[in-house]
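First the structure, in the form of structure tokens, and then the observations on it.
The values are calculated or read from the model by the stated rules, or taken from the named source; none is laboratory data. Remember, it's a predicted structure, so these values are computed and weren't measured experimentally. Cβ: placed from backbone, ideal geometry, glycine included. Neighbour counts: every protein chain shown. Note: areas computed on protein heavy atoms with side chains; ligands, DNA, RNA excluded. Shrake-Rupley method; radii C 1.70, N 1.55, O 1.52, S 1.80 Å.
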Amino acid sequence: MEKLLSQHSAREIEDRYRTVLRDNRARDAAAGRTLDGPHLTDLVVAYAPKDIPAADASTGEQKALLIGLVLAHAGLIAEMIGFAPVLLLDEVVAHLDPSRRSALYAELDMLGAQVFMTGADPAAFAEIETRADIFDVSPGLVMRRRA
């Protein structure tokens, strides 16, 4: 489908895909999955500041790229439906340097979403302690951290 983008409108491609789905419904049901579609296309990502493929970027750079994609998608959803989705970000600040962590927190503030972040390093969340509810979790116990 991505090969058609340069020659056809998105609407035409969507219509073609609906036809493919309709025509292959029995085959897909027998297979237990959709056998044709955009989910079969690899997303190719580059790290622009270094002009390299994401696979060649550092762990922190890769994480920053992935976070950027997640935030861009959340922003698109917010634009489409009028409010930001709830974000569940597991170990999101791991491998981020302090400037990237600060940028992430600023982006999350601008998005206006309700965000749940997990992390093993309490120091990584020090910057947002005064404007976030922070909970300490241990086996069988969840306690709100007092400021």
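Restricting to the stretch 125-139, what's the tally of residues that are open to solvent by less than 90 Å² (accessible area, probe 1.4 Å), farther than 17 Å from residue 115 by Cα and part of a loop (DSSP other than H, G, I, E, B)?
So the answer is 0.
Table: residues versus (1) surrounded by 11 or more Cβ atoms within 10 Å (Cβ to Cβ); (2) of a type outside the set (A, V, I, L, M, F, W, C).
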| position | (1), (2) |
| --- | --- |
| 32 | no, yes |
| 62 | yes, yes |
| 70 | yes, no |
| 74 | yes, no |
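Might you check whether a residue that is farther than 24 Å from residue 124 by Cα and in contact with a strand residue (DSSP E or B) (Cβ under 6 Å, 6 or more places away or on another chain) occurs anywhere in the stretch 12-33?
Restricting attention to the stretch 12-33, the residues satisfying the condition of being farther than 24 Å from residue 124 by Cα are 12-33.
Those left that are additionally in contact with a strand residue (DSSP E or B) (Cβ under 6 Å, 6 or more places away or on another chain): none.
Among the residues of the stretch 12-33, not one is farther than 24 Å from residue 124 by Cα and in contact with a strand residue (DSSP E or B) (Cβ under 6 Å, 6 or more places away or on another chain), which makes the answer no.
Starting from residues that are in contact with a helix residue (DSSP H, G or I) (Cβ under 8 Å, 6 or more places away or on another chain) and either assigned to a loop (DSSP other than H, G, I, E, B) or open to solvent by 80 Å² or more (accessible area, probe 1.4 Å) (or both), keep the ones in the stretch 45-54 and report whichever is farthest from residue 70 (Cα to Cα).
Among those residues, the one meeting the criterion is 50.
Restricting the search to the stretch 92-105, which residues are assigned to a loop (DSSP other than H, G, I, E, B) and crowded, with 17+ Cβ neighbours inside 10 Å?
92, 93, 96
Please identify the pairs in which a residue from the stretch 16-40 that is in a helix (DSSP H, G or I) has its Cβ atom under 7 Å from the Cβ atom of a residue that is of a type outside the set (Ser, Thr, Tyr), counting only partners at least 6 apart or on another chain.
That search, which allows pairs on different chains as well, returns 17/1; 17/37; 20/36; 27/35; 28/35; 38/1.
Can we say residue 28 is more than 26 Å from residue 113 (Cα to Cα) and surrounded by 14 or more Cβ atoms within 10 Å (Cβ to Cβ)?
Considered against the rule, which asks whether it is more than 26 Å from residue 113 (Cα to Cα) and surrounded by 14 or more Cβ atoms within 10 Å (Cβ to Cβ), residue 28 comes out as yes.
Hey, could you check the stretch 76-91 for residues that are outside any loop (DSSP other than H, G, I, E, B) and not β-branched (Val, Ile, Thr) and say which is surrounded by the fewest Cβ atoms within 10 Å (Cβ to Cβ)?
The residue in question is 80.
Every residue, every condition in (1) among the hydrophobic types (A, V, I, L, M, F, W, C); (2) farther than 26 Å from residue 73 by Cβ, yes or no:
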position	(1), (2)
110	yes, no
115	yes, no
120	yes, no
123	yes, yes
126	yes, yes
131	no, no
137	yes, yes
144	no, yes
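Can you spot a residue in the stretch 58-69 that is under 28 Å from residue 123 (Cβ atoms), in contact with a helix residue (DSSP H, G or I) (Cβ under 7 Å, 6 or more places away or on another chain) and in a loop (DSSP other than H, G, I, E, B)?
Taking every residue of the stretch 58-69 in turn, none turns out to be under 28 Å from residue 123 (Cβ atoms), in contact with a helix residue (DSSP H, G or I) (Cβ under 7 Å, 6 or more places away or on another chain) and in a loop (DSSP other than H, G, I, E, B).
More than 16 Å from the chain's Cα centre (by Cα) and more than 21 Å from residue 45 (Cβ to Cβ) - does that describe any residue in the stretch 56-68?
no
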